[in-house]
1. Lys/Arg Cβ at +1, Asp/Glu Cβ at -1, dipole of the chain taken about the Cα centre: which of 209, 99, 224 is farthest positive-ward?
2. Taking amide H positions as placed in the peptide plane 1.01 Å from N, state which residues far from residue 67 in sequence (5 or more) or on other chains have amide H under 5 Å from it.
3. Using the crude model of +1 on Lys and Arg Cβ and -1 on Asp and Glu Cβ, and no other charge, please compute the dipole size for the stretch 174-241 relative to its Cα centre, in debye to 20.
4. When only DSSP loop residues count, what trypsin sites (Lys or Arg not before Pro) in the stretch 154-241 have their Cβ near at most 14 other Cβ atoms within 10 Å?
5. Share of antiparallel DSSP beta bridges in the chain, in percent to the nearest 5?
6. Rounded to the nearest 20 Debye, what is the dipole magnitude of the stretch 128-241 about its Cα centre when Lys and Arg each give +1 and Asp and Glu each give -1 at the C-beta?
7. Scan around residue 50 for amide H atoms under 5 Å from its own, H built in the peptide plane at 1.01 Å from N, and keep only partners 5 or more places away or cross-chain.
8. What figure, in Å² to the nearest 10, do you get for the accessible area of residue 184 with a 1.4 Å probe and non-protein molecules left out?
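The values are calculated or read from the model by the stated rules, or taken from the named source; none is laboratory data. Note that the coordinates shown come from a computational prediction; the quantities given were computed from them, not determined experimentally. Backbone-built Cβ (ideal geometry, glycine too); neighbour counts: all protein chains shown. Areas reflect the complete protein model, heavy atoms only, side chains present, ligands, DNA and RNA absent. Shrake-Rupley method; radii C 1.70, N 1.55, O 1.52, S 1.80 Å.
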Amino acid sequence: MSSAEPRALPVDPGPDDPPVSPFLSAPMTDLTERIAALGTARRYARGEHVYRQGELSTRFHLVLSGRVRIYLHRPDGTERSLAYAETGATLGEAASVDGRPRHLAATCTQHSQIVSVTRDALLTAARTDPELLLEITRRIAYKQRVMQLHVLIEGLPARERVILLLGHLVEAYGEVALDTTTRLSIRPAVDELALLVGLTRVTMSRELSRLVAEGLVGKEGRGIIVRDLPDLRRRVHAVLA
């Protein structure tokens, strides 16, 4: 993709700046467990809403197990998936803090166990443990970066959307072998990948098949292997240039 002013290339993340991926997860560290201890856990069935778009709430949520799809209802009746929250991830933080209606919806795609934490519980605990509040702020900021990824992808041809998404997933979840081959440590379904970049499942499958034919990627069931990591990185930079 070309333009009069080239876009800035992404900066390599530092140790405290994790790669941006719309598959949200976080290690269950002592800090994560301290956040979880502020609320009450409950189990959700597959297909059950954690919250709906437009709701008012002073609660945010932390995923202990399972997966939650975070998405937007558009005025034309369509939906756009923005992220999937997995173990250790939080969701709904911004609306719980600012008191405004939720601008997204969240639905479990698997049987899940989720902790619900009130804003008051967080603020009370943060008086003696301010790192809790800082961590929630970090997570909100990270999601702003995810939104920037969606803004960048919007309007691109299908092939370039898939290339950018693969680039982000490799940086976040790639297990590199011999510096050239990378296997993703997550196994997202094709329809999940499609929804994240605003494509149909058929289009996503077609584009992945083309990349397989070109030797760039390989498929093992739902597993994705990047067979030529340098080539993928060149293609990502070409899209951003």
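1. 209
2. 109, 110
3. Dipole of the stretch 174-241, to the nearest 20 debye: 120 debye.
4. 222
5. Once the DSSP bridges in the chain are tallied, antiparallel ones form about 95 percent.
6. Roughly 340 debye, rounded to the nearest 20.
7. Sorted by chain and number, the residues that satisfy this are 106, 107, 108.
8. Approximately 10 Å² of residue 184 is accessible to the 1.4 Å probe.
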